[in-house]
Amino acid sequence: MTTQTVRIVDISEVPANRRRGGDLRTVLSPGTVGGDSGFMGLAILAPGERVVEHYHPYSDEYLFAVAGEVTVDLDGVAHSLRADQGVMIPRNMRHRVRNTGAVTARIVFHLCPLAPRPELGHVDTETLTEQEPA
């Protein structure tokens with residue numbers, strides 16, 4: 001039997017991160033629930049929205065589409081991902097996610113292990129202003 005405290009976090013409790021495109025919500029993280037193995041959240045992308053290309057030098061990223069259809073560009077190669085499908089993106093692989101469908105896409109993301117410091121965990125390779133049309 002464990003004596004650890006369990007915390008349920010509602011998506012409305014965490015702020016939207018829109019710096020890299022879309023509405024990214026890190027719901028379960030060291031800051032919200034403790035733990036040190038990784039973090040998880042939800043990406044909400046309206047039709048035509050995207051998350052800019054980036055990579056993670058310390059973490060693998062797992063994506064699971066729960067609604068909609070997106071294109072995941074992995075090292076420049078486009079892959080379709082629809083509801084009920086997932087993909088694992090290895091560390092150091094450049095990737096971007098584009099909503100190429102007609103409805104809002106909802107994608108669960110999970111990254112692990114954590115980078116030694118948060119600012120080291122994410123490297124952008126483009127900005128929102130550099131994006132080509134979806």
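The values are calculated or read from the model by the stated rules, or taken from the named source; none is laboratory data. Note that the structure is a prediction, hence the values are computed from the model and not measured. Ideal geometry is used to build each Cβ from the backbone, glycine not excepted, and the neighbour counts take in all protein chains shown.
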ask   = If you check Thr129 against the conditions, is it over 17 Å from Thr26 (Cα atoms), modelled with pLDDT of 95 or more and outside any loop (DSSP other than H, G, I, E, B)?
value = no
Segments classed as strands (runs of 3 or more DSSP E), wholly inside region 1-73, with at least 2 members that are more than 23 Å from Thr125 (Cα to Cα) and touching a residue at least 24 places away in the same chain (Cβ under 8 Å) = 60-67
key: Selection from region 74-110 of residues that are among the aromatic types (Phe, Trp, Tyr) and either modelled with pLDDT under 95 or in a loop (DSSP other than H, G, I, E, B) (or both)   = none
ask   = Restricting attention to region 13-51, which residues are out of contact with any strand residue (DSSP E or B) (no Cβ under 6 Å at 6 or more places or on another chain) and either within 21 Å of Ser80 (Cβ to Cβ) or of a type outside the set (Gly, Ala, Ser) (or both)?
value = Glu13, Pro15, Arg18, Arg19, Pro30, Thr32, Val33, Asp36, Ala46, Gly48
inquiry  = Among the residues in region 110-119, are any of a type in the set (A, V, I, L, M), touching a residue at least 24 places away in the same chain (Cβ under 8 Å), in contact with a Ser or Thr (Cβ under 9 Å, 6 or more places away or on another chain) and exposed (fewer than 15 other Cβ atoms within 10 Å of the Cβ)?
reply    = no
task = Kindly indicate the residue of region 53-67 that is surrounded by fewer than 19 Cβ atoms within 10 Å (Cβ to Cβ) and touching a Gly at 6+ places or on another chain (Cβ under 7 Å) and also nearest to Arg106 (Cα to Cα) among those meeting that condition.
result = Phe64
